[in-house]
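The values are calculated or read from the model by the stated rules, or taken from the named source; none is laboratory data. Everything numeric here is computed off the predicted structure, so don't read it as measured data. Glycine also receives a Cβ, built like all others from the backbone with ideal geometry; neighbour counts cover every protein chain displayed.
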Amino acid sequence: MSSTNEFLWYIPNQVNPGHRGEPVAADHNSLDALTAQAHALEEFGWHGALIGTGWGRPDTFTLATALAARTTTFEPLIAIRPGYWRPANFASAAATLDHLTGGRVRINIVSGQDNLAAYGDSEGDQAHRYARTKEFMRLVRRLWTENKVTFAGEHFSVTDSTVVPRPVKRGERRHPELYFGGASDAAERVAATEADVQLFWGEPLEGIAERVARLKALSRTLDRDLPPLKFGLRITTFVRDTTEEAWRDAEAKVAEMAKQQGAGWDDHNRKVAVGQKRLLDLHERGEVLDDNLYTTPGKFGGGGAGTTWLVGSAQDVANSLEKYRALGIDTFVLSDTPYLREIKRQGLELLPLMRSASNSSTVTGPTPELVT
């Protein structure tokens, strides 16, 4: 893999303990417990971690700020919703945190539906939601890079607005990167024009290849005026010392999920999101797709990145991730539970393989052709 690849983890900001099989502990969401994870990420070679968002969870931006203050290299990928923030308010907050941390902020824009009434949002249908998101992303980027911005759109407006302090500029980096997800037609049109990085869930290689090609074509059709769109993968990586041990433990974990009816696992709205439905439908194609993409967790309650798992030894999983890299993925957001143990295990066993091995020595078997 090239040195430009980036490896992030996931830090669970949850009110209830036991997230996705995490051992239940009273202090699971204390600042000390979550800081221990961030420190381990720094120590074991990770760039940072995604911190999710949703009403009824600890506030993501507040947690990211606290963790950034207690670390030196940890980069939070902060999930935010345009319905929670107005563009100028958010642009100022993010630029300030980026300034204070020396340019360590990344942003994940989330447009999926949430508990609108609870926080007073009034977004409309899907078309309205993504039109608002597109306007939000475009305006935030302008506020980070221009002075005296005046804009009057369908959803937002500012007059003579200058954000200070400015985000940190470093090499080609002009501001925090904007990550984005979503698999619907409306979402892909936003990603193709406004996102810096499109994040995919753990779909089979063929599906990722199709989506990368489609988004590249959309970027050309829609006259994208930003640097080329980059791509990332958010997936569970279930690593053990041997292939046999990994599958034995993975099947035992799924059996426990089934016994508990997925309690604590399903934290995504499977009825609405197109991307989530694509994942949940995969188990109908088979329990294992490609070499080691385990789909059965989605049958028993896995949500989001917990729906499909790459299972195997560190070398098995590295081989699979390299095939995704060959399709154009250069950012990997991985995780498994127990979170702290797996930060260390995968940092020691998986990341060195991914960073050092060449394509010829790590990839076995065919990779779907990427049509551009």
Q.
If the requirement is being modelled with pLDDT under 95 and not aromatic (Phe, Trp, Tyr), which of these qualifies: GLY181, GLY207?
A. GLY181
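Collect the residues in segment 145-167 that are surrounded by fewer than 19 Cβ atoms within 10 Å (Cβ to Cβ), touching a residue at least 60 places away in the same chain (Cβ under 8 Å), of a type outside the set (D, E, K, R) and touching a His at 6+ places or on another chain (Cβ under 8 Å), keeping them in residue-number order.
Keep residues of segment 145-167 that are surrounded by fewer than 19 Cβ atoms within 10 Å (Cβ to Cβ), which gives 145-148, 150-157, 159-160, 162, 164-166.
With touching a residue at least 60 places away in the same chain (Cβ under 8 Å) added as a condition, the list becomes 156, 164-166.
Okay, now just the ones that are also of a type outside the set (D, E, K, R), so 156, 164-165.
Correct list: PRO165 only.
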Q. Picking from ARG142, ARG170, which residue would you name as being surrounded by fewer than 21 Cβ atoms within 10 Å (Cβ to Cβ), of a type in the set (D, E, K, R) and more than 25 Å from ALA192 (Cβ to Cβ)?
A. ARG170
**Q.** Complete set of residues in segment 35-79 that are closer than 20 Å to ARG345 by Cα and of a type in the set (A, V, I, L, M)
**A.** ALA36, ALA38, ALA40, LEU41, ALA49, LEU50
Q: Take GLY103 and decide whether it is farther than 27 Å from PHE156 by Cα, part of a loop (DSSP other than H, G, I, E, B), out of contact with any Asp or Glu (no Cβ under 8 Å at 6 or more places or on another chain) and at pLDDT 95 or above.
A: no
Q.
Looking only at residues that are under 13 Å from ALA250 (Cα atoms) and polar (S, T, N, Q) in segment 280-324, which one is surrounded by the most Cβ atoms within 10 Å (Cβ to Cβ)?
A. THR307
**Q.** Within segment 87-127, considering residues that are charged (D, E, K, R) and out of contact with any strand residue (DSSP E or B) (no Cβ under 9 Å at 6 or more places or on another chain), the one farthest from ARG166 (Cα to Cα)
**A.** ASP125
Q: Run down ASP114, ASP160, ASP196 and say which single residue is farther than 13 Å from ALA91 by Cα and either in contact with a helix residue (DSSP H, G or I) (Cβ under 6 Å, 6 or more places away or on another chain) or modelled with pLDDT under 95 (or both).
A: ASP114
**Q.** Leading residue by the ranking (farthest from the chain's Cα centre (by Cα)) among those in segment 105-153 that are of a type in the set (Lys, Arg) and within 29 Å of ALA69 (Cα to Cα)
**A.** ARG142
Q) Is one or more of the residues making up segment 10-18 surrounded by 21 or more Cβ atoms within 10 Å (Cβ to Cβ) and part of a helix (DSSP H, G or I)? A) no
Q: Enumerate the pairs (first residue in segment 224-251 and under 12 Å from ASN292 (Cβ atoms); second residue anywhere and part of a helix (DSSP H, G or I) and β-branched (Val, Ile, Thr)) with beta-carbon separation below 8 Å, excluding pairs fewer than 6 apart on the same chain, so at least 6 apart or on different chains.
A: THR237/VAL317; PHE238/VAL317; VAL239/VAL317
Q. Only one of these conditions is not met by GLY120: (1) among the small types (Gly, Ala, Ser); (2) free of Cβ contacts under 8 Å to residues at least 12 places away in the same chain; (3) surrounded by 17 or more Cβ atoms within 10 Å (Cβ to Cβ). Which number is it?
A. (3)
Q | Neighbours by Cβ (under 7 Å, 6+ apart or cross-chain): first from segment 27-51, under 15 Å from PRO17 (Cα atoms) and modelled with pLDDT of 95 or more; second of a type in the set (D, E, K, R) and outside any helix (DSSP H, G or I) | A | ALA33/ASP27
Q.
Pairs please, first residue from segment 7-22 and on the phi > 0 side of the Ramachandran plot, second anywhere and among the β-branched types (Val, Ile, Thr) and in a loop (DSSP other than H, G, I, E, B), Cβ atoms under 8 Å, 6+ apart in sequence or on different chains.
A. GLY18/VAL24; ARG20/THR337; GLY21/THR337
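Of the residues that make up segment 68-76, is at least one of a type in the set (Lys, Arg) and surrounded by 19 or more Cβ atoms within 10 Å (Cβ to Cβ)?
Of segment 68-76, the ones of a type in the set (Lys, Arg) are 70.
From the residues that got through so far, the ones that are surrounded by 19 or more Cβ atoms within 10 Å (Cβ to Cβ) too are none.
Among the residues of segment 68-76, not one is of a type in the set (Lys, Arg) and surrounded by 19 or more Cβ atoms within 10 Å (Cβ to Cβ), which makes the answer no.
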